[in-house]
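In what follows, a single structure is set out as structure tokens and then discussed.
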Amino acid sequence: METVLQIPKYNLSEEQEKNLILREYRALLRALKTKLKPGDRKLIRNAFEIAAEAHKSMRRKSGEPYILHPLAVARICVEEIGLGVRSTICALLHDTVEDTDISLEDVEREFGSEIARIVDGLTKISNVIDVNASQQAENFKKILLTLTDDPRVILIKLSDRLHNMRTLDSMKREKQLKISSETVYIYAPLAHRMGLYNIKTEMEDLAMKYMEPETYKEIAKKLAETKRERTRYINEFIKPLKDKLEKTGFNFEIYGRPKSIHSIWNKMRKKAVDFEEVYDLFAIRVLLDSPPEKEKEECWKVYSLITDEYTPSPERLRDWLSNPKSNGYEALHTTVMGPQGKWVEVQIRTKRMNEIAEKGLAAHWKYKEGTADESRFDKWFQQIREVISNQETDTIDFLQDFKTSFLAEEIYVYTPKGDVKMLPVGSTALDFAFSIHSAIGSKCIGAKVNHKLVPISHKLRSGDQIEIITSNKQKPSEDWLGFVVTAKARSKIKDSLKEDKRTIADEGKYTLQRKMEAIGAAYSQGNIEELVSFYKLNSSLDLFYQIAIKNIDLKELKEFQVLGDRLELPKPIKHPHEPKGDNFTSSSLSKKDAELIIFGESSDRIVYNLANCCKPIPGDDVFGFVTTGKGLTIHRTNCPNAAKLLANYGHRVVKTKWAKNKEISFLTGLKIIGMDDVGVIHKITNLISGELKINIAALTVEAKEGIFQGNIKLYVHDKEELEILGQKLKELPGIESVERYDAEAV
Ligand code: MN
């Protein structure tokens, strides 16, 4: 519902607007050309006219006529995903039932039940932005449910999201953040899982552009600056290969393509290196036009030719020809040593594989007849359906589980008999045990991985062969939840813990009953509810359990008044069981300590805390998060938890900005790495406290084999000051890198 009625900075005459709309419509028809059968043109025209009429008075935030949005979504469906006529009609109509007077019955009458069903699916999963967290999660759950009904719903939804991301510029900052986070949290992984690599990459890049604008611009700039040099290198690399390939008579293309900004940034973060040190800024791709029966053979031949010319790294060979990824991806990847001692990644695939890599599921359908893995997606949908149908847990948990179980990359492991099992990356021996059978999981005490004994928490790797060891005395415990990543294992462990909890709670129930009788209060539903709410618990089960494990001391019952047989709340006594609002403890800076402007009603200052997970300092890009019982917690927008918070609890996010304040300083940390040189520490401290007059709170230095690493905790006023310091430190002789440290490190 991204509509407003006024028209900001947009001035086309009515005539020009009409022409623009018609031009877009014709472009859509052109894109569909090869797929049109007799009668289709009329159907599409009809859908277009209905949508145009229904959205007639609506405009997007940018001021554009609204109909340009469904037209653009339809074109993405056709051009970038490869969907056909029916999906085009649905895409044109996707916002009508939600936002206009058109009803589902109207759609069904005009276009039949198949199209009405898809439009219904798209309507159910509209972008509900200002709803609470569980509604939001519920919304995602619906997306996943419709996915298993008709995958076209999700493919159109992804196109819709992609177009919204492409046109995010005209939205308000907090909406940009919210929509971007949601996109990286769920839509990009879904696109990846559906095999839509291009769409996934573009989504991630766009989201980063809004969430990390500075870094994004910096990397983009550096990529542009180094382009010429890179092109020269790529040509040099390709030349001998081209000659060889031509001699073999293969029908091929070979070219270099840059990696996405987001993936470069990921590398920089993961390996803690600068842009200049990321070796794979690009990959070389060889595209073969092979007949189906020769695909594998020819790919390996190309591999052999390439590795005759350049030495491959044995660890970096990825054979997705024999074992395609579960999203259908097939290719052969290798990394070889190119000219000037640089590692270069080479991807070898056929045209068919390339189309699957770009258009995912839709292309997969096109080719699926006659291939062995016809049911790849069906199997996946089946698994999702299973998990969704026996889900009674919290939807937010569900979403997290879903992400780790179904959207993660996968590994292949083997049973002792040699059967293959696919598990998400990060799976442990315990996950494997539960994947065989829940009874085996529950009794698991360890495993033999490749004949070596390992604990249940042992992380598995592709190719491992696992034998599970069980004992009848074993049963799941709370800490097992930390050892598993699959939804199945998690839900089975939770079930079992709940069962245990009930047994324990029974004791607490009995204790409570006696105590209440002793003080003359009735053991009644009303009195129990009074206690549950006093201790801020969720259920009577929790109350009994807390009593049983002695977390609640029943001596406190004396503080209650008993009127008749009813318990009355005591005068305020301390609450020993304050519920935790979110999972982050906050440092205690109150409103008088720092200036922060909270947008919304007014710029009144209110109580807030700085999140411990990302330690914001003034100048950082931040947002406020409303925490039950603790006011506002301020997080950096690039906080590791930000995406999850923004995506799931958008309604609790408040826009905030720092005010200038030079009196208050904030604790932060710098990690400095350099050559261990006499006097280097002195130079550093001299610069910080002598020259820049910044207070150092703590300093630890470790030196090893000529390299030192210094961790400095210091008080700065804002980000600018920190940046200047970082810059000056880097200029000192012998300093290799200076980095702000995140999270709990301070
Ligand atoms: Mn839309």
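A few notes on this one:
- Cβ pairs under 9 Å, 6+ apart, first in the range 153-167 and outside the structural domain of HIS69 (by TED's automatic domain parsing), second modelled with pLDDT of 95 or more and within 12 Å of the ligand (Cβ to nearest atom): none
- Segments classed as helices (runs of 4 or more DSSP H), wholly inside the range 172-251, with at least 1 members that are farther than 30 Å from SER62 by Cα: 188-193, 213-225, 227-248
- Every pair of residues 6+ apart whose Cβ atoms lie under 8 Å, when the first sits in the range 681-696 and is without any contact (Cβ under 8 Å) to a residue 60 or more places away in the chain and more than 12 Å from LEU729 (Cα to Cα) while the second is open to solvent by less than 80 Å² (accessible area, probe 1.4 Å) and among the acidic types (Asp, Glu): ILE694/GLU721
- Of the residues making up the range 315-332, at least one is modelled with pLDDT under 90 and closer than 30 Å to GLU736 by Cα.
- Some residue of the range 466-479 being outside any helix (DSSP H, G or I) and under 25 Å from PRO189 (Cβ atoms): no
- Residue in the range 656-667 that is modelled with pLDDT of 75 or more and in a loop (DSSP other than H, G, I, E, B) present: no
- Those residues of the range 136-152 which are within 16 Å of the ligand (Cβ to nearest atom) and either modelled with pLDDT of 85 or more or closer than 17 Å to SER181 by Cβ (or both), in sequence order: ASN139, ILE143
- Selection count, the range 235-263, where residues are under 19 Å from HIS333 (Cβ atoms), of a type in the set (A, V, I, L, M) and in contact with a Lys or Arg (Cβ under 9 Å, 6 or more places away or on another chain): 1
- Here ARG230 fulfils each of the conditions (1) charged (D, E, K, R); (2) touching a Pro at 6+ places or on another chain (Cβ under 9 Å); (3) exposed (fewer than 13 other Cβ atoms within 10 Å of the Cβ) apart from (3).
- Once the range 325-354 is narrowed to residues that are free of Cβ contacts under 8 Å to residues at least 40 places away in the same chain and outside any strand (DSSP E or B), the residue that is nearest to ARG257 (Cα to Cα) is ALA331.
- Applying the criterion of at least 2 residues that are away from the ligand (no atom under 16 Å from the Cβ) and open to solvent by 70 Å² or more (accessible area, probe 1.4 Å) to the helices (runs of 4 or more DSSP H) found wholly in the range 1-107 leaves 14-32, 40-54.
- For first residues located in the range 171-194 and among the acidic types (Asp, Glu), partners that are open to solvent by less than 10 Å² (accessible area, probe 1.4 Å) and lie 6+ apart or on another chain with Cβ distances below 8 Å form the pairs GLU174/PHE623; GLU182/LEU646; GLU182/ALA647.
- Any pair with Cβ under 9 angstrom, 6 or more apart, that starts in the range 494-508 at a residue that is closer than 15 Å to SER539 by Cα and ends at one that is open to solvent by less than 50 Å² (accessible area, probe 1.4 Å) and outside any helix (DSSP H, G or I): GLY508/ILE552
- When LEU399, LEU430 are checked against the criterion of being modelled with pLDDT under 70 and not aromatic (Phe, Trp, Tyr), LEU399 stands alone in meeting it.
- Selection from the range 162-188 of residues that are farther than 19 Å from CYS639 by Cα and either open to solvent by 10 Å² or more (accessible area, probe 1.4 Å) or more than 16 Å from the ligand (Cβ to nearest atom) (or both): HIS163, ASN164, ARG166, THR167, ASP169, SER170, MET171, LYS172
- Looking only at the range 309-343, and only at residues there that are within 28 Å of the chain's Cα centre (by Cα) and of a type in the set (A, V, I, L, M), the one that is most open to solvent (accessible area, probe 1.4 Å): LEU317
- Of all residues making up the range 502-523, the number that are under 39 Å from the mean Cα position of the chain (by Cα) and either surrounded by fewer than 17 Cβ atoms within 10 Å (Cβ to Cβ) or on the phi > 0 side of the Ramachandran plot (or both): 3
Residue by residue, here is whether (1) more than 19 Å from PHE111 (Cα to Cα); (2) at pLDDT below 90; (3) aliphatic (A, V, I, L, M) holds:
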site	(1), (2), (3)
LEU5	yes, yes, yes
PRO8	yes, yes, no
SER13	yes, yes, no
ALA54	no, no, yes
LYS61	yes, yes, no
PRO65	yes, no, no
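- Cross-chain or 6+ apart pairs with Cβ under 6 Å, the range 11-36 first and at negative phi, then open to solvent by 80 Å² or more (accessible area, probe 1.4 Å): ALA31/GLU79
The values are calculated or read from the model by the stated rules, or taken from the named source; none is laboratory data. Being a predicted model, the structure only gives us computed values, none of them experimental. No Cβ is skipped: glycine too gets one built from the backbone with ideal geometry, and neighbour counts run over all protein chains shown. Calculation scope for accessible area: heavy atoms of the full protein, side chains included, ligands and nucleic acids excluded. Shrake-Rupley method; radii C 1.70, N 1.55, O 1.52, S 1.80 Å.
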